[in-house]
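Below: one structure, written as structure tokens.
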Amino acid sequence: MSSESPLRRLTLLYNCTANTLILRTVTKKIAPWLAAGPEIVPQPTAICPIHLLLVIVLLIITSTLYLALRSRTVYLVDYACFRPNSDLRITKATFLEHARLSSLLDDSIVNFIATILERSGMSDETCVPPVHHYIEPCCGLDEARSEAELVVFSVIDDLLAKTCIKRDAIGGLITNCSAFCPVPSIADMIVNKYKLRGDIRVMNLSGMACSASMIALGLASNMLQVMPRGSHVLVVSTETIGPSYYSGNKRSMVLSNILLRVGGVAKLLSTSRSKARFRLVHFTRTITAANNSAYRCVYQEEDEKGNVGITLSKDLTVIAGDALKANIMATGPYVLPTSELLKFSLFHMARKMPHWRKIRPYIPNFCVTFEHFCIHAGGPAVISSVQHGLKLSDQHVEPSWMTLHRFGNQLSTSVWYELAYIDAKGQMKKNDRVWMIGFGAGYECNTASWVCIQPSFSADGPWRNCINHYPKDISKNRLK
């Protein structure tokens, strides 16, 4: 970190000063005694008090600066996920029937929608915003703002009730919503609703899609480093999908209509360990936007008829795999044990030898580091590719599959629904380690590792009414 350089210089200055004082004391006081022989015994007053005082002052200054400049530990106090009402539920049959009745969609697109729905891995319990329940959705500003308020205010109310924190104790607010950016912002909407204090630090993120929640997490961690100790930052993540509805017939753009579902989460982070449930160990952000194909693999644009939508590239899975590899290279040294790092280094050096170039690269065993994995539930292909790439067991990816089945692709909030699944199942134990993996437009792969401090003893959450029905036996053959 940036604090290491000043601290290192201060340490060198202290060592130099202390060594000079000690050398001067030895030269002036002790050397004559040694030359005179054993007859002269040094007296307790031989060391000058001013030298001792100077050493003590330097020690105090060094300790103070170290405590002030070192990285502060960030904790997750608690989180709350949005629980949609049953009136927002849309079955696959209803979704397909609306597509068939729409005058905007061709028969070929309707057949394409039917195929994707069959392979989506989603159940008939997923939810969409009210505007999507019309045969031909048309989302205006009022409808979009109502959707945002429904999700955002619900999760904040739940979080405030769980943590019992006073609103004046919240010193920072970060919100993320990719496609809907009203004026005033969603962050200002929250400040107005809950009458938060006037000097609160506010940030509003947009355009970062499925990885935005992880980016907001890293931003909150950085913000807490410069805020007074014990401060709290509220992070609210959602995606208002109503304005993003695509009304054209381009297959790569209609995918977002089929896959995206409503969701939201509120998180409270702090540098105070009091009442905290998780400790943030490491956060890594990997951006591949310098590559043109990666930059355009999730891209908002107009089709030939001027309809605005989000294009999903066919190379999305490959690009996501490359981003994950880059993220692993950056994350591994901070989280993997020495044995795994040594194996990786040996294989890496062996591949540079002429006779060993054809051997496969060694994939570190992250299962020895983490007990739980929360992989972005972007779809069956995303979950399967990450499972295969990291050599994870079916039990490790169970939260991702079940979240996709019950709630669908909720963009940046899906990893928190997966964490809620682990909590609801009672699988989270004290000192268990969790690895969150998020993907998003740009293209980005962002990961965060946590250590559980206090398991949840409450069954309240988005899985409250259905956790007993899971896990379900989902046929993987239909999801490929």
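The values are calculated or read from the model by the stated rules, or taken from the named source; none is laboratory data. Since the structure is predicted, the reported quantities are computational estimates derived from the model, not experimental observations. With ideal geometry, Cβ positions are generated from the backbone for all residues, glycine too; neighbour counts draw on all protein chains shown. Just so you know, the surface numbers come from the protein's heavy atoms only, side chains and all, with ligands and any DNA or RNA stripped out. Shrake-Rupley method; radii C 1.70, N 1.55, O 1.52, S 1.80 Å.
Structure notes:
- Residues of region 64-85 that turn out to be outside any loop (DSSP other than H, G, I, E, B), at pLDDT 90 or above and out of contact with any helix residue (DSSP H, G or I) (no Cβ under 8 Å at 6 or more places or on another chain), as a count: 2
- Checked against (1) of a type outside the set (S, T, N, Q); (2) touching a helix residue (DSSP H, G or I) at 6+ places or on another chain (Cβ under 7 Å); (3) farther than 30 Å from Lys92 by Cα, Lys429 passes all but a single condition, namely (2).
- Counting only helices (runs of 4 or more DSSP H) that fall entirely inside region 154-260 and contain at least 2 residues that are closer than 23 Å to Gly306 by Cα and open to solvent by less than 30 Å² (accessible area, probe 1.4 Å), the qualifying elements are 251-259.
- Of all residues making up region 261-281, the number that are assigned to a loop (DSSP other than H, G, I, E, B) and of a type in the set (Val, Ile, Thr): 2
- Qualifying residue in region 394-401 (condition: of a type outside the set (Asp, Glu) and either modelled with pLDDT under 90 or farther than 23 Å from Val281 by Cβ (or both)): yes
- Scan of region 317-349 for residues that are buried (at least 16 other Cβ atoms within 10 Å of the Cβ) and among the β-branched types (Val, Ile, Thr), ordered by number: Thr317, Ile319, Ile328, Thr331, Val335
- One residue from Trp416, Trp435, Trp450 being closer than 25 Å to Glu340 by Cβ, in contact with a Lys or Arg (Cβ under 9 Å, 6 or more places away or on another chain), at pLDDT 95 or above and open to solvent by less than 10 Å² (accessible area, probe 1.4 Å): Trp450
- Residue count, region 305-335 (criterion: part of a helix (DSSP H, G or I) and either within 17 Å of Ile287 (Cα to Cα) or touching a residue at least 24 places away in the same chain (Cβ under 8 Å) (or both)): 19
To keep it simple, each residue is scored yes or no on (1) of a type in the set (S, T, N, Q); (2) touching a helix residue (DSSP H, G or I) at 6+ places or on another chain (Cβ under 9 Å); (3) free of Cβ contacts under 8 Å to residues at least 24 places away in the same chain.
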{"position": "Leu219", "(1), (2), (3)": "no, no, no"}
{"position": "Asn222", "(1), (2), (3)": "yes, no, yes"}
{"position": "Thr238", "(1), (2), (3)": "yes, yes, no"}
{"position": "Leu259", "(1), (2), (3)": "no, yes, no"}
{"position": "Val262", "(1), (2), (3)": "no, yes, no"}
{"position": "Arg273", "(1), (2), (3)": "no, no, no"}
{"position": "Val281", "(1), (2), (3)": "no, yes, no"}
{"position": "Asp303", "(1), (2), (3)": "no, yes, no"}
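- So Val26, is it at pLDDT below 60 and in a loop (DSSP other than H, G, I, E, B): no
- Of the residues in region 113-120, none is open to solvent by less than 70 Å² (accessible area, probe 1.4 Å) and of a type in the set (D, E, K, R).
- Flag for Cys374 being under 21 Å from Ser256 (Cα atoms), open to solvent by less than 10 Å² (accessible area, probe 1.4 Å) and not acidic (Asp, Glu): no
- Pairing residues of region 138-163 that are farther than 11 Å from Thr240 by Cα and free of Cβ contacts under 8 Å to residues at least 24 places away in the same chain with residues that are part of a helix (DSSP H, G or I) and of a type in the set (Phe, Trp, Tyr), at Cβ distances under 6 Å and at least 6 apart in sequence or on separate chains, gives no pairs at all.
- Scan of region 292-316 for residues that are surrounded by fewer than 16 Cβ atoms within 10 Å (Cβ to Cβ) and either touching a Phe, Trp or Tyr at 6+ places or on another chain (Cβ under 8 Å) or among the small types (Gly, Ala, Ser) (or both), ordered by number: Ser293, Gly306
- Scanning region 302-350 for residues that are closer than 21 Å to Pro364 by Cβ and of a type in the set (Lys, Arg) turns up Lys325, Lys343.
- Residues that are outside any helix (DSSP H, G or I) and in contact with a Lys or Arg (Cβ under 8 Å, 6 or more places away or on another chain) were ranked within region 122-153; the one that is surrounded by the fewest Cβ atoms within 10 Å (Cβ to Cβ) is Asp124.
- Selection within region 94-139 - among the aliphatic types (A, V, I, L, M) and in contact with a Gly (Cβ under 7 Å, 6 or more places away or on another chain): Met122, Val131
- Among (1) in a helix (DSSP H, G or I); (2) open to solvent by 40 Å² or more (accessible area, probe 1.4 Å); (3) in contact (Cβ under 8 Å) with a residue 12 or more places away in the chain; (4) not aliphatic (A, V, I, L, M), the one test that Thr94 misses: (3)
- Of all residues in region 436-457, those satisfying the criterion of being assigned to a loop (DSSP other than H, G, I, E, B) and in contact (Cβ under 8 Å) with a residue 12 or more places away in the chain are Ala441, Gly442, Tyr443, Ile453, Gln454, Pro455, Ser456.
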